[in-house]
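This report concerns only the one structure given below.
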Amino acid sequence: MDDPRLTRIETKLDDLSDHLSSIDSTLSAQHESLKEHIRRTALLEEDIKPIKVHVNRVEGALKLITLMAAIAAVIELVHRF
């Protein structure tokens, strides 16, 4: 009872099993790579926090200077008239 169709089906199932095993190993490797990427991203985010604080301070200082210049311009305008 060696049915060629059954043999073909078994062969295809074996091929699918091999393919799924390959996918599992690839997924596992990608998962490890993703964990490393997340770790490095977290470290870089910690490093960038002081830079963000500095940028915010500089932006605040520029806004203050702009406001002071506008006030000085208004005062100068009032003194001219």
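Computed from the coordinates by the stated procedures, all read-outs in this text should not be read as laboratory data. Just so you know, these numbers come straight off a predicted model, no measurement behind them. Cβ: placed from backbone, ideal geometry, glycine included. Neighbour counts: every protein chain shown.
So the values come out like this:
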| item | result |
| --- | --- |
| Where labels lie 7 Å past Cα in the beta-carbon direction, separation of Leu34 and Ser17 in nm | 2.7 nm |
| Size of electric dipole in the chain: Cβ of Lys, Arg +1 and of Asp, Glu -1, about Cα centre, debye, nearest 20 | 980 debye |
| Principal-axis tilt of helix 4-80 within the chain, Cα atoms, nearest 10 degrees | 0 degrees |
| Answer label, with Rg and Dmax of the Cα atoms in Å calculated from the coordinates and candidates (1) 33.7, 113; (2) 12.5, 39; (3) 16.5, 49 | (1) |
| Charge dipole (the chain, unit charges on Cβ, about Cα centre) - positive-most of Ala61, Leu27, Ile48 | Ala61 |
| Contour excess over end-to-end distance, with Cα ends at Arg80 and His54 and 0.36 nm allotted per residue | 5.5 nm |
| Cα gyration tensor shape of segment 15-59, rounded if a/c is under 1.5, else prolate or oblate by comparing a/b with b/c | prolate |
